[in-house]
Amino acid sequence: MFTPELLFDLSRFPYPHLFKKGKPAWRAIQELSLFLQSLPLGNIEAELEPGVHVVHPELISIGKGTRVESGAYIVGPCWIGQNCQIRHGAYLRGQVLVCDQAVIGHATEVKNSIFMHQAHAGHFAYVGDSILGNFVNLGAGTKCANLRFDKQIIKVENFETGMKKMGAILGDYVQTGCNVVTNPGTIMLPHTTAIPCSFVKGVISK
């Protein structure tokens, strides 16, 4: 049932035990906050440009080679790997785990989400309660909606997730075009695409 093995190559993921084998991948979103509290945070090895705003630095770790541009706003708890780009105007609202060589771009807002290896949300995106797999690329203006209008529990097909807030789970190598909106609880299987200006919902397979 949409297990991590179906969606992601976890060989590059630094904390594969966050994902429970045989359990739905969205369990990692539910457990992310508690998991981050277990990590050795408070180690900022990257050089931050003047004008970066950091809230609770004792709850933030940023790896070597990562570039954090002026105007970025980062709230802990947050773990960011090596050689990432956190661009001007990026807003990381907390409960964020970002793997090596990922990109969080200008005017992109992220909360309670996971970026795997080389996952890119380079321009004007919203990523809430979501997982971006390895080498995912979001076109400019992509929004991962995470709350139903009626605020009811989100379902994936006919399976209740137990979550009122869940965005998208995008498997490895997924690409979205510019101005795509994903419905709460959307799952895109690896190597699938969404054309520009489309509304995506449910489970997307080849």
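Each value in this text was obtained by applying a stated rule to the coordinates, not by laboratory testing. Note that the structure is predicted; figures quoted are calculated from it, not measured. Positions of Cβ are generated from backbone atoms using ideal geometry, with glycine treated the same way; all protein chains shown enter the neighbour counts.
Tell me which of these Ile169 doesn't satisfy, since it passes every other one: (1) surrounded by 24 or more Cβ atoms within 10 Å (Cβ to Cβ); (2) more than 12 Å from the chain's Cα centre (by Cα).
With respect to (1) surrounded by 24 or more Cβ atoms within 10 Å (Cβ to Cβ); (2) more than 12 Å from the chain's Cα centre (by Cα), Ile169 is out only on (2).
Might you let me know whether the range 50-65 holds any residue that is crowded, with 18+ Cβ neighbours inside 10 Å and in contact with a helix residue (DSSP H, G or I) (Cβ under 6 Å, 6 or more places away or on another chain)?
No: zero hits.
Any residue in the range 149-164 that's without any contact (Cβ under 8 Å) to a residue 12 or more places away in the chain and on the phi < 0 side of the Ramachandran plot: show its pairings with residues that are among the basic types (Lys, Arg) and part of a loop (DSSP other than H, G, I, E, B) at Cβ separation under 8 Å, as long as the two are six or more apart or on different chains.
Ile153/Lys164
Looking only at the range 103-116, decide whether some residue is polar (S, T, N, Q), closer than 25 Å to Gly162 by Cβ, touching a residue at least 12 places away in the same chain (Cβ under 8 Å) and not in a strand (DSSP E or B).
Taking every residue of the range 103-116 in turn, at least one turns out to be polar (S, T, N, Q), closer than 25 Å to Gly162 by Cβ, touching a residue at least 12 places away in the same chain (Cβ under 8 Å) and not in a strand (DSSP E or B).
Looking at the range 1-17 only, could you name the residues that are of a type outside the set (D, E, K, R) and in contact (Cβ under 8 Å) with a residue 60 or more places away in the chain?
Met1, Phe2, Leu6, Leu7, Phe8, Phe13, Pro14, Tyr15
Every residue in the range 5-28 that is in a helix (DSSP H, G or I), of a type outside the set (D, E, K, R) and over 23 Å from Gly185 (Cβ atoms), please.
Ser11, Pro16, His17 - these are the residues of the range 5-28 that are in a helix (DSSP H, G or I), of a type outside the set (D, E, K, R) and over 23 Å from Gly185 (Cβ atoms).
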